[in-house]
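Novice: Please read through the structure below; I'll follow up with questions.
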Amino acid sequence: MIFIADGCMDACADNVFACGARGIITEQFTDFKAIARKHKNCCLAGEGDNRVLSRNDPEEIRTMVMDMLETARLTGGYFMKIGNHIPWNLPPEAVRLYLDLCSELAVRHEGFPIPAAQTDSSAECTASTSSDWASDGRGLHP
């Protein structure tokens, strides 16, 4: 079960997991790293911030993606997701850069979780197949 909520999940994440959820999809106001450290085998999504994309600063977008990758290394499952969604009025070039960086850098493979060296944009990435995802016994993870 994946729990989906708006806002900050810091105060209730433990309760959500205690009720049987395997993951949380929420917004960037949540401390995703704290949840990932405490609940190692959970699935998280929503850490990205559309306000960063709205400013259309390539370095800030890259920093956000790298921060998201840092969280991904802490948990058994992670989806690169803008927590408050991608509205119609964001600069297309900012959205494209975000998606390109995610495609280039956020790749899981046999070295699960994402090794630190994998975040180097010059590193060659190989993606897992869906059968690799299910066969490692860790449950939900991209």
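The values are calculated or read from the model by the stated rules, or taken from the named source; none is laboratory data. From a predicted model like this one, the values you see are computed outputs, not experimental measurements. Every residue, glycine among them, receives a Cβ derived from its backbone with ideal geometry; neighbour counts consider all protein chains shown.
Novice: Which one of these does Val107 not meet: (1) part of a loop (DSSP other than H, G, I, E, B); (2) within 30 Å of Cys12 (Cα to Cα); (3) hydrophobic (A, V, I, L, M, F, W, C); (4) at pLDDT 95 or above?
Specialist: Unmet for Val107, out of (1) part of a loop (DSSP other than H, G, I, E, B); (2) within 30 Å of Cys12 (Cα to Cα); (3) hydrophobic (A, V, I, L, M, F, W, C); (4) at pLDDT 95 or above: (4).
Novice: Under 7 Å between Cβ atoms, which residue pairs at least 6 apart in sequence (or on different chains) link something in the stretch 36-62 that is closer than 17 Å to Asn89 by Cα with a partner that is at pLDDT 95 or above and surrounded by fewer than 14 Cβ atoms within 10 Å (Cβ to Cβ)?
Specialist: That search, which allows pairs on different chains as well, returns Asn56/Pro91; Asn56/Glu93.
Novice: Pairs under 9 Å by beta carbon, first residue free of Cβ contacts under 8 Å to residues at least 40 places away in the same chain and under 14 Å from Gly77 (Cα atoms) in the stretch 15-26, partner surrounded by 16 or more Cβ atoms within 10 Å (Cβ to Cβ) and of a type in the set (Ser, Thr, Tyr), six or more apart or different chains?
Specialist: Ile24/Thr30
Novice: Counting just the residues of the stretch 14-46 that are modelled with pLDDT of 95 or more and acidic (Asp, Glu), which one comes out nearest to Leu105 (Cα to Cα)?
Specialist: Top of the filtered list is Asp31.
Novice: Where residues in the stretch 10-38 are part of a loop (DSSP other than H, G, I, E, B) and in contact with a Gly (Cβ under 9 Å, 6 or more places away or on another chain), which of them is surrounded by the most Cβ atoms within 10 Å (Cβ to Cβ)?
Specialist: Thr26
Novice: So, in the stretch 39-48, of the ones that are at negative phi and of a type outside the set (S, T, N, Q), which residue ends up surrounded by the fewest Cβ atoms within 10 Å (Cβ to Cβ)?
Specialist: Lys40
Novice: Do we have His85 as surrounded by fewer than 15 Cβ atoms within 10 Å (Cβ to Cβ) and of a type outside the set (Gly, Ala, Ser) here?
Specialist: Yes.
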